[in-house]
1. Quick check: anything in the range 229-244 at pLDDT below 90, in contact with a strand residue (DSSP E or B) (Cβ under 8 Å, 6 or more places away or on another chain) and open to solvent by 30 Å² or more (accessible area, probe 1.4 Å)?
2. Can we say GLU182 is surrounded by fewer than 20 Cβ atoms within 10 Å (Cβ to Cβ), modelled with pLDDT under 90 and more than 30 Å from LYS385 (Cα to Cα)?
3. Condition first: more than 16 Å from the ligand (Cβ to nearest atom) and at pLDDT below 75. Can you find one or more residues in the range 264-272 that meet it?
4. From PRO459, PRO474, PRO440, grab the single residue that is closer than 28 Å to ILE196 by Cα and either open to solvent by less than 60 Å² (accessible area, probe 1.4 Å) or aromatic (Phe, Trp, Tyr) (or both).
5. When you scan the range 424-437, do you find a residue that is open to solvent by less than 20 Å² (accessible area, probe 1.4 Å), at negative phi and of a type outside the set (A, V, I, L, M), even just one?
6. Out of LYS329, LYS312, which single residue is open to solvent by 40 Å² or more (accessible area, probe 1.4 Å), within 16 Å of the ligand (Cβ to nearest atom), at pLDDT below 90 and part of a loop (DSSP other than H, G, I, E, B)?
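The values are calculated or read from the model by the stated rules, or taken from the named source; none is laboratory data. Treat the numbers as computed from the prediction; the structure is a model and nothing was measured. Heads up, the Cβs are rebuilt from the backbone with ideal geometry, glycines too, and the neighbour counts pull from every protein chain shown. Just the protein is used for accessible areas: all its heavy atoms, side chains included, with ligands, DNA and RNA removed. Shrake-Rupley method; radii C 1.70, N 1.55, O 1.52, S 1.80 Å.
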Amino acid sequence: MARKVGIYTRISRDDEGEALGVARQRTDCERLADLRTWQPVKVYEDNDVSAFKRNVVRDEFELMLKDLKAGLIDGVVAYDLDRLARQPRDLERLIEIFDERPRLEFATVTNDVNLGSADGRTMARIMVAFANKSSHDTSRRIKRKHLELAQQGKSNGGPAPYGWRRDDRNKVDPEAAKHIREAQKEVLAGVRIGTIRTRWQEEGLGNPREGTKRMAHHHVEHILTNPRLVGYRTYHGEILYDGDGKPVMGEWDPINTVEDWEAVCAAIAERKQDRAGQSLARKYLLSGIARCGLCKAKIRGQVNRKWQPGSKGAQYTYQCSKVNGGCGKVGRVGEPVDKLIARLVLQEQREKAKATGIPAEGRWPREQELEDRLADIAQLIEAEKAKTITLSTLLQLLPDKERERDALKLERARFYKEQKQAEAKGSTANMTEEEFFDLPIERQREIVLHSLTAVIIHPAGRGKRKFDPALIDPVWR
Ligand SMILES: [Zn+2]
C-alpha cells in the first residue's frame with residue numbers, strides 16, 4: 001500500500017508579487033510524492049506566516065506535527081526546507097517525531113535532504129542554521145524599502161553589541177574581540193557553550209544585562225555566531241543581500257573572517273545533532289572512559305564524602321559501582337590516575353606530532369565554482385527582471401542552481417570547520433600537564449579520547465595503600 005504523506009506549503013510575505021504561490025508549491029510537491037509512489041492525503045497550508053519570526057504560531061504546521069505524531073500521515077513533502085522550518089527549534093521538533101517513529105518519509109522539492117538518516121539531519125541542521133541567519137533564497141530577496149529601513153537602523157542608539165566599543169559601535173573593542181575569538185576556538189575544539197557561558201559570567205564578559213552577570217545560553221551562542229562578526233548587515237536576524245546577491249556590508253570593522261565564522265556556525269549546528277541522548281556534562285576526566293579490570297564495566301568518578309577543602313586524603317575516586325551494573329569491587333583514588341594518564345597521553349601526542357609535522361593550511365579548492373554558481377543565479381534573476389526570460393523559466397532553472405550553490409556552501413563550511421578544528425586541537429604538541437589541567441574538562445577528555453579508547457583499572461591487592469601505576473592500563477587507539 002502506498003504510504004500516506006502530508007504536503008506542507010507556505011507562502012511568505014517575501015514572495016509578494018513574485019508568486020511562488022501555494023498552488024505551484026503544491027503541484028510540485030504532489031509531483032514529487034508521485035515519483036516516490038507516496039499518496040498525498042492532506043495538504044497543510046500556512047498563508048503569509050513568516051517561519052523565521054519567533055512566537056508566530058503556524059497553525060497548520062502545528063497540526064501537521066500532531067498528525068505525524070499520531071500516525072495519521074507517514075511522512076512530509078515540502079517545497080523546501082526553508083518553508084518548513086526556518087527556526088532550528090521547529091526543525092528539532094520535527095526530528096524528534098522522526099526519532100520516535102522510525103521509517104517516516106521525508107522529501108523536499110528543492111533540496112535533497114532526508115530527515116530519516118543521521119547524515120540528512122546533520123545537513124538539515126546546518127542548512128537551517130545558516131538560513132536562520134542568512135536569507136539564501138533569492139526568491140526572498142528583501143525589498144528595497146526594507147533595505148533602506150535597515151540601513152537607517154544603524155543609528156538606533158542601542159548599546160554596542162559585545163565585541164565593539166561602547167562609545168563607537170563601528171570600532172572593535174580589542175579586548176572583547178579577543179574573548180570572542182578565544183571562545184570560538186574553544187567551540188571548535190569541542191568545548192560546550194554552557195562552559196563558556198559559565199566562565200564569561202564569572203569574569204563578567206559578554207555585556208550581561210545591567211546589574212547582573214547572568215547571560216542566557218542563546219545570548220552567548222548569538223555573540224559567537226552573529227553575522228555582524230564578518231561585517232554582514234542583518235535585518236530581522238537575516239543577512240541582507242543587495243541586487244547582485246552579495247551580502248550588504250556594514251561600516252563597522254569585522255572581528256572574524258568568513259571562513260572562521262562559518263566554521264563556528266557549522267560546528268555549533270552539528271553539535272546539536274550529537275547532543276541528543278548525551279548525558280550531562282562530565283565532572284571527572286576519566287568518567288566512562290575508565291573500566292573495571294574485573295568486570296569491565298564503565299567506571300565513573302565520584303566525590304569522596306569525607307573530603308573537605310584543606311583536609312588530607314582523596315578528593316574523588318574512580319569506583320566500580322553496582323548501581324551502574326558493575327561488580328563494585330574495584331576503586332582507585334582519582335588524582336594520581338588522572339595525572340598518570342595525562343602524562344602518557346601528552347607524551348604520545350608530542351611524539352606523534354614530531355613524526356607527522358603540522359597539518360597543511362589550505363584554501364577550499366572549489367571557491368571559483370561557488371562564485372560561478374552565484375553569478376549564474378544573479379544572471380538568471382537579472383534576465384527575468386529584464387524580461388529576457390519568463391518568471392516560469394526562471395523558476396524552472398533556479399532550483400538546480402540553488403541546490404548546487406547550497407551544496408557548495410555546505411561543503412565549504414565543513415572544509416573550514418574541519419581545518420579550524422584540526423588547528424584548535426592540534427596544539428597539544430607543546431602542552432604541559434599544568435596547561436592540560438587548566439583546560440575545560442570536555443577538552444581534556446577529548447584529548448584523552450584522541451589517544452585512548454579506555455583505561456582499565458585493575459584491582460589493587462587487599463590493604464594496598466600506595467598508588468601503583470602498573471595497575472592502570474591505558475588502551476591505545
Ligand atoms: Zn567491576
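1. Yes - at least one qualifying residue is present in the range 229-244.
2. Criteria not met by GLU182.
3. Initial filter on the range 264-272 (more than 16 Å from the ligand (Cβ to nearest atom)): 264-272.
With at pLDDT below 75 added as a condition, the list becomes 271-272.
Looking through the range 264-272, at least one residue is more than 16 Å from the ligand (Cβ to nearest atom) and at pLDDT below 75.
4. On the way: PRO459 fails: closer than 28 Å to ILE196 by Cα; PRO474 fails: closer than 28 Å to ILE196 by Cα.
Selected residue: PRO440, the only one of PRO459, PRO474, PRO440 that is closer than 28 Å to ILE196 by Cα and either open to solvent by less than 60 Å² (accessible area, probe 1.4 Å) or aromatic (Phe, Trp, Tyr) (or both).
5. Checking the range 424-437: at least one residue is open to solvent by less than 20 Å² (accessible area, probe 1.4 Å), at negative phi and of a type outside the set (A, V, I, L, M).
6. Working: LYS312 fails: within 16 Å of the ligand (Cβ to nearest atom).
Answer to the check: LYS329.
One line per residue, one yes/no per condition, for (1) at pLDDT 80 or above; (2) assigned to a strand (DSSP E or B); (3) not assigned by TED's automatic domain parsing to the domain that holds GLY75:
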position: ILE7; (1), (2), (3): yes, yes, no
position: ARG26; (1), (2), (3): yes, no, no
position: VAL49; (1), (2), (3): no, no, no
position: VAL57; (1), (2), (3): no, no, no
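Matching residues to (1) crowded, with 22+ Cβ neighbours inside 10 Å; (2) part of a loop (DSSP other than H, G, I, E, B); (3) small (Gly, Ala, Ser):
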| position | (1), (2), (3) |
| --- | --- |
| GLU60 | no, no, no |
| LYS69 | no, no, no |
| ILE73 | yes, yes, no |
| ARG89 | no, no, no |
| ILE97 | no, no, no |
| PRO102 | no, yes, no |
| GLY116 | no, yes, yes |
| ARG121 | yes, no, no |
| ILE126 | yes, no, no |
